[in-house]
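Scroll down for the structure; my scribbles are underneath it.
We did not get these values from a lab; they are worked out from the coordinates using the rules stated. None of the values given here were measured: they were computed from a predicted structure. Virtual Cβ from ideal backbone geometry, glycine too; neighbours counted across all protein chains shown.
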Amino acid sequence: MGAESRLRVEVLGPIRVRLGDAEVRLGPTRQRALFAVLAIRHQHVVAREDLIHAVWGEQAPATAQGSVFTYVSGLRRALEPDRSSRASSSVLRSEGHGYRLALDADALDATVFAAHAGTASAAVERGAADEALTVADEALALWRGEPLTGLPGPFLAAQRDRLMATRLDLLETRAKAKLMAGRHAELVGELTALVGEYPLHEELRGLLMIALYRCGRQADALDQFRQATRTLGTELGTAPGARLAEIHQQVLTNDPALAPPKAGIPAASARSTGRPRQRAVAFVGRDDELAQLRTAAAELVAGTGRAVWLDGEPGIGKSELLTEGLAGLDVEDVEMCWGSGDVLAQRFPLEVIQECLGVAPDSPDPRRARIAHSVARASAREDVFGGGTTPLGLVDEVVRLVGELCRDRPLALVVDAMQWADELSMLTWSRLVRETERLPLLLVGACRPVPRTEGLDSMRSTVARQGGITLRLDRLSGDAVAGLVREIVKAEPGPELRRVALRAAGNPLYLQELVDALVRDQMVRVSAGTADIEAAASAGAPRSLASALEHRLDFLTPATVDVLRRAALLGMEFRLDDLAVVLDRPSNALLAAIDESTTARVLVVDGDRTAFRHPLVREALYEGTGPALRSALHRQAAERLHQAGASVHNVARQLAAAPGIVDPWIVRWVGEHGEQVAGRAPDIGLELLHRVVAACDPGEPRLVELTASLARVMYWSGESPEHEVRSVLAATRDPDLAGEMYWILGCVFYRRGLDQQGVDVLRVAVESGISDVWRARCRALLSGRERMGLGEVESAERNSVAAIRDADRYADVFAKAYAQSNLWLFRSIDRDHAAALDHVDDALRSLDAAPEGPENAWLVHMRLSLLDNRVFSLQNLDRLDEAGQTLRRADAVVREHQLPGGLTVSSAVHDYWTGDWDQAMAELSVAVDAHGFDMAFRGLRESGPMLLLLHGVAALIAVLRDDRTAVVRHLTAADELPLLTSADRENCDFLVIADALAAERDGRHEAALLALTPVLDERYSPLMLRHQWLADAARIAVEGGDRAVAERALEVCELEARRERTAARATAAAAHCRGLVLDDPAAALAAAEHYASVHRPVEQARALEDAAVLLARAQRRDEAREAHELAVHRYDALGARWASRRASTRLRAADPRWPTR
């Protein structure tokens, strides 16, 4: 195999395959998984039975054998697109009863990675540190994320764990090499992050202790051992191993064996930073950074926005810089919004942004109150769809609010401690970066540099791409350090004091704490305007920032320290009333402790809020309480806050921080509030419900309802609660609850592509003893699954009609509207769009008849779904103006009910066909950016079908506009999405055509036709509107000389046209195809005329392009010129540069005498 066609496979991340320079599209998820198994075992023949077990495990379906043959055929087509169907595969070979992938030994990145890891380890053993680091870095550069991301099967799960373990071993090897090379200072931050991620890994913690010791941070090194002892005892019930204990003893005794190979530079502590408030006695240095911030502030006052990203180690002065640099805005007509991440609140979506913007139900600003109510509604999941308000919809609402605030006056929005911000707040902040181009918005984010995450890196990159300011605060210079000491002691620092100040390594917070400690211990003497200490006194000065902070706490009374430890349970910031509740004391009894803490500069008071001066102060107090006692105190605080009427949110924060504790009160509280918590913070709600259900005895009377709550929350979160549902069904005698559980189980099977199992469950449901209302609902759901999943047309029709009858009998609006929407779906498949429109209008009238009131408020989401269906029918009847009116009607529903989100993707599809591509991309960009944001947001993924459609429309526009980078981005993103359900297949057509046109653009006609296979197969997704793409298929086939495919495209299109009860799009598409296949320009012109009459410029341009080519071949040059010029005019108006070029290229090929444009 030549270099230009060499096969290379990458599994250290999402699987990626290249054939030469071209990336190979491997197809659906299980097909990719099968390929991954063959790639990892490429040195062996893999038997079919082994493949089945590797991909499906022990519960392989009966169809698995046939699926293997299908997947192998698909892979061979993808890997060898030019191979004749009669020729044997040379890449994926059949050998005996199995297959073998022909892959060079160094063509698999995992193999290369393992070899490099072995080489690096051997180099460390030889003492070759530089070689080990070079090889280790080369190996780690191959790593692109979690290995084999998203691929199923027990074999790949085991391989994923193996590769992760190899990587961890390599990181340990690399750390050893850095210690050998004397690079311990830069190693502290890396190892701190790794130990945080792997707290039970004793080897990494031992290396961190050595690195800290070599940086002069003996106290911190010893603290690491204490943390290891606590963690190992709590988690495993064991003590630290012999090697870690040996390192501990060496640190205690200053063993020369721990000395670095050369003198090292002490590194500053690498923990978190805090809230934006002045904490330093004085502000020194930072002249360049201060100037840039003040310039940005002045630009804001003048009406120009800017984004600023600031990072630096803890205590380096980020918050002080922000306070100083933006102080001038306090006297301007500018709204200032400050917020900060909090480690206890980071699991509550949108928490930081709500705090920053002052969003609260009791806000005097109705716009802010509206968003608070939207967040509250998102917490109350009551619809049987398992849906409701989407997280991305909430982001849309916040972005709109910021726009409205900026129209009132310029806005400065500052988020400190971004590393602790919740993911939805981070996503919102990232979205707002783009808004700084058009709004008077100064957007500032500050964070620490480690641990680095994809999300933070993406935000930093976004700021840079948008022309914002990125600042990194380094350590203070020697002159600045001397100046800060001068301000603290109010005298010129003497030589010994200057020398001790160097321990702070230019970190302002550490420096201030160190000097304050010397002053408190009365070690500083001032004489003749010079402040200095005795040389012997320097030994007693704190050796680390942590020890300096602990020194400050030592000067407080024990009673005050106890108050502070309880305050630390509440987070960085707290209210005095809440602290009084937690301590079960009157508020006025705490004032003396608060005053003492404020005087000692441990706390700062701001109105009715009190906050710790720095996160590290709170952390020292919090970590100073043992884990078991800390959990017990959180549990106690939760109950006391609940009894005092605190919000569910605040109680849940305390329970989430008390892992492992379950008692009768917690069982009762989670039973009453667990679903509400999950609506606000899904992972906390799931954790609490899982914890309680697992701890309950079988005889617990609340167990069934708790398990049902867990099943609901798992369902809303996109998980598969099959076990939980079956547990409820086995125990409950409640017919309504049983009906709901059957509904959930049927939907879960559908999500997983298990259509037969879903139908079987629903058939059992309608024959069981569930309530009449739920029987009607399950029958309505069953009818849709029978038709779409199994193709059982008659049974589906009967069940829809029966569901409507039962719904009328039992007055259930939802079941009736759902069954009517099924009839809309069936008539749409039949291409009777007029009848389908009648059914969807009937469903909407059913909803109109529902009594108004909170019990039916959730039906608004179904109304939006039905309006979406109505748009579909109107578009297929060529009634585009009415479709646009329906979309505006949907927007009105969203505004009336204050719902985040709307029919964004449907609006973009409509704008695509009506030629408003810029508007389409504006609507898509919000969701595209959200999903392209390099972070695995939990719970922020839209449904699979909508994501497929989203990326498909964006990719198609990008192909036609010749934006190659965007094409690759969207097609690659879509490759990671499964095609499991009928809805997935219905919505993949834009992706199919985008893929085909990209191949056509690159001259790969066979690949283009291969991509179009789903469009040419009328059995693939009966609802797919394939006629809208068949003219493209016919054109590509004709241009490539594949007459059979061209005739097949015409055949399928004419079948679609015959099925169309009201002549419209499919009829025009059939005329277009006839023109191409039969060389009939009149037919293509007739199609173009129809498209022009119904205002479809995209399809009109395509038909005119083809008509011009056909006319040119017939030597009818004037008519060809007229058609061509109008087609190019349409393409140019759309910005479709490649389509315009294609039209001209084809015309010159049809008539060589055609003048070059």
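Can you find, among Ala64, Ala193, Ala78, the residue farthest towards the positive end of the dipole of the stretch 52-195? Put +1 on the C-beta of Lys and Arg, -1 on that of Asp and Glu.
Ala64
Sort Thr436, Thr599 by Cβ crowding within 10 Å, fewest neighbours at the top. Working shown, then result.
On the way: Thr436 23, Thr599 10.
So the residues, fewest neighbours to most, are Thr599, Thr436.
Quick one: which residues, 5+ away or cross-chain, put their amide H under 5 Å from the amide H of Ser340? H built at 1.01 Å from N.
It is Asp416, by chain and number.
What residues qualify as long-range amide H neighbours of Leu442, i.e. H under 5 Å apart, gap of 5 or more or another chain, H built at 1.01 Å from N?
Arg306, Leu411, Ala412, Leu413
Quick one: 3J(HN,Hα) in Hz for the stretch 1045-1054, Karplus 6.51/-1.76/1.60 with θ = phi - 60°, rounded, Gly and Pro as x.
5, 4, 5, 5, 4, 5, 4, 5, 5, 5
Show me 757-766, 1135-1144 ranked by packing, highest mean number of other Cβ atoms within 10 Å first. Could the numbers behind the result be given before it?
Details: 757-766: 21.6, 1135-1144: 19.9.
Top of the packing list down: 757-766, 1135-1144.
Starting at the first residue of the stretch 915-920, write each ³J(HN,Hα) from the Karplus equation 6.51 cos²θ - 1.76 cosθ + 1.60 with θ = phi - 60°, in whole Hz, x for Gly and Pro.
With the stated coefficients, the stretch 915-920 comes to x, 8, 5, 5, 5, 4 Hz.
Let me know the volume per residue of the alpha-carbon convex hull for the stretch 621-704, in Å³. Write down the numbers at each step before the final one.
Values: hull volume 7.9 nm³, N = 84.
Hull volume over Cα atoms, normalised by residue count, gives 94 Å³.
Fewest Cβ neighbours within 10 Å first, please rank Cys406, Cys447 accordingly. Walk me through the numbers before you get to the answer.
Values: Cys406 20, Cys447 26.
Ranked by crowding around the Cβ, least crowded first: Cys406, Cys447.
Farthest toward the dipole's positive end in the chain, which of Ala297, Ile993, Gly98, given Cβ charges of +1 (Lys, Arg) and -1 (Asp, Glu) about the Cα centre?
Of the options given, the answer is Gly98.
With +1 on the Cβ of every Lys and Arg and -1 on the Cβ of every Asp and Glu, and nothing else charged, how large is the dipole of the stretch 932-1150 about its Cα centre, in debye rounded to the nearest 20?
Working: 30 positive and 34 negative charges, 54 e Å.
That gives the stretch 932-1150 a dipole magnitude of about 260 debye.
Kindly provide the pair-distance distribution of the stretch 508-628 built from C-alpha pairs, with 5 Å bins from 0 and whole-percent values in order of increasing distance.
P(r) over the stretch 508-628, rounded to whole percents: 2, 10, 20, 21, 16, 11, 9, 6, 3, 1, 0.
Can you give the Rg to Rh ratio for the chain, taking only C-alpha atoms and Rh from Kirkwood? Mind dumping the intermediate values first?
Numbers: Rg = 33.3 Å, Rh = 33.5 Å.
Computed over Cα atoms, the ratio is 0.99.
Tell me the net charge near Ala999. Cut-off is 14 Å between Cβ atoms, Ala999 excluded, with +1 for each Lys or Arg and -1 for each Asp or Glu.
Values: positive: Arg25, Arg77, Arg964, Arg1001, Arg1004, Arg1035, Arg1142; negative: Glu23, Asp82, Asp995, Glu1000, Asp1002, Glu1006, Asp1032, Glu1039, Asp1042.
That works out to -2.
Rounded to the nearest 500, what is the 222 nm mean residue ellipticity of the chain from helices alone, with -39500 (n - 2.57) per DSSP H run of 4+ residues and division by all residues?
Working: 54 runs with 716 residues, N = 1157.
Helix-only estimate at 222 nm: -19500 deg cm²/dmol.
Near Asp963, within a Cβ-to-Cβ distance under 14 Å, what is the net charge of the other residues, with Lys and Arg +1 and Asp and Glu -1? Intermediate results must be reported in sequence, preceding the final value.
Working: positive: Arg961, Arg964, Arg969, Arg1001, Arg1137, Arg1141; negative: Asp918, Asp962.
My count for the surroundings of Asp963 gives +4.
How big is D, in µm² s⁻¹, for the stretch 8-154 by Stokes-Einstein at 37 °C and 0.692 mPa s if Rh is the Kirkwood radius over C-alpha pairs?
Numbers: Rh = 16.6 Å.
After rounding, the answer is 198 µm²/s.
Going by how many other Cβ atoms sit within 10 Å of their own, how do Ser587, Ser828, Ser631, Ser90 line up, fewest first? Write down the numbers at each step before the final one.
Details: Ser587 15, Ser828 23, Ser631 18, Ser90 12.
The order, fewest Cβ neighbours first, is Ser90, Ser587, Ser631, Ser828.
Going by a ≥ b ≥ c, the root eigenvalues of the Cα gyration tensor, does the stretch 184-267 fall in the rounded group (a/c under 1.5), the prolate group (a/b larger than b/c) or the oblate group? Please report the intermediate quantities before stating the final value.
Working: a/c = 2.37, a/b = 1.49, b/c = 1.59.
Oblate shape, in that a/c is at least 1.5 and b/c is the bigger or equal ratio.
In Å, the Kirkwood hydrodynamic radius of the stretch 679-813 over pairs of distinct alpha carbons?
15.5
Using alpha carbons only, how many angstrom separate the centre of the stretch 773-830 from the centre of the stretch 139-212?
Cα centres, the stretch 773-830 to the stretch 139-212: 54 Å.
Report, in degrees rounded to the nearest 10, the 0 to 90 angle that the Cα long axis of helix 1081-1093 makes with the longest principal axis of the chain.
50
Taking the alpha-carbon centroid of each part, what is the distance from the stretch 708-736 to the stretch 518-563 in angstrom?
59
With axes computed from alpha carbons, what is the tilt in degrees of helix 880-896 against the longest principal axis of the chain, rounded to the nearest 10 within 0 to 90?
30
Within the stretch 189-227, which residues have the backbone N less than 16 Å from the label spot 7 Å out from Ala259 along Cα→beta-carbon, could you tell me?
Within reach of a label on Ala259: 213-216.
Just to confirm my numbers, what's the Cα centroid distance between the stretch 1083-1157 and the stretch 1-60 in Å?
If we compute the Cα centre of each part, the gap is 43 Å.
How big is the dipole moment of the chain about its Cα centre under a simple scheme where the beta carbon of each Lys and Arg is +1, that of each Asp and Glu is -1, and everything else is neutral? Debye, nearest 20, please.
Working: 138 positive and 165 negative charges, 298 e Å.
Magnitude of the dipole: close to 1440 debye.
Take the alpha carbon atoms of the stretch 932-1150, find their radius of gyration, then divide it by 2.2 N^0.38 Å using N residues; give the quotient. Don't skip to the answer; put the middle values down first.
Numbers: Rg = 17.3 Å, N = 219, 2.2 N^0.38 = 17.1 Å.
After normalising by residue count via 2.2 N^0.38 Å, the value is 1.01.
Pairing the Cα long axis of helix 793-810 with the longest principal axis of the chain, what angle in degrees results, from 0 to 90 and rounded to the nearest 10?
Relative to the chain, helix 793-810 is tipped by roughly 60 degrees.
Net charge within 11 Å of Arg566 by Cβ-Cβ distance, Lys/Arg positive one each and Asp/Glu negative one each, not counting Arg566 itself? Before the final figure, lay out each step's value.
Numbers: positive: Arg565, Arg585, Arg630, Arg640; negative: Asp562, Asp578, Asp584.
My count for the surroundings of Arg566 gives +1.
State the antiparallel share, in %, of DSSP beta bridges confined to the chain, rounding to the nearest 5.
Values: 23 of 47 bridges.
In the chain, DSSP labels about 50 percent of beta bridges as antiparallel.
From the gyration tensor of the Cα coordinates in the stretch 773-823, what semi-axes in whole Å does the equivalent ellipsoid have, largest first, with each one equal to sqrt(5λ)?
Working: eigenvalues 65, 14, 13 Å².
Working through the eigenvalues yields semi-axes of 18, 9, 8 Å.
Could you go through the stretch 1129-1145 in sequence order and give the Karplus-derived ³J(HN,Hα) for each residue, using 6.51 cos²θ - 1.76 cosθ + 1.60 with θ = phi - 60°, rounded to whole Hz, and x for Gly and Pro?
Residue by residue, the stretch 1129-1145 yields 4, 4, 4, 4, 5, 7, x, 7, 5, 5, 4, 5, 5, 4, 4, 5, 4 Hz.
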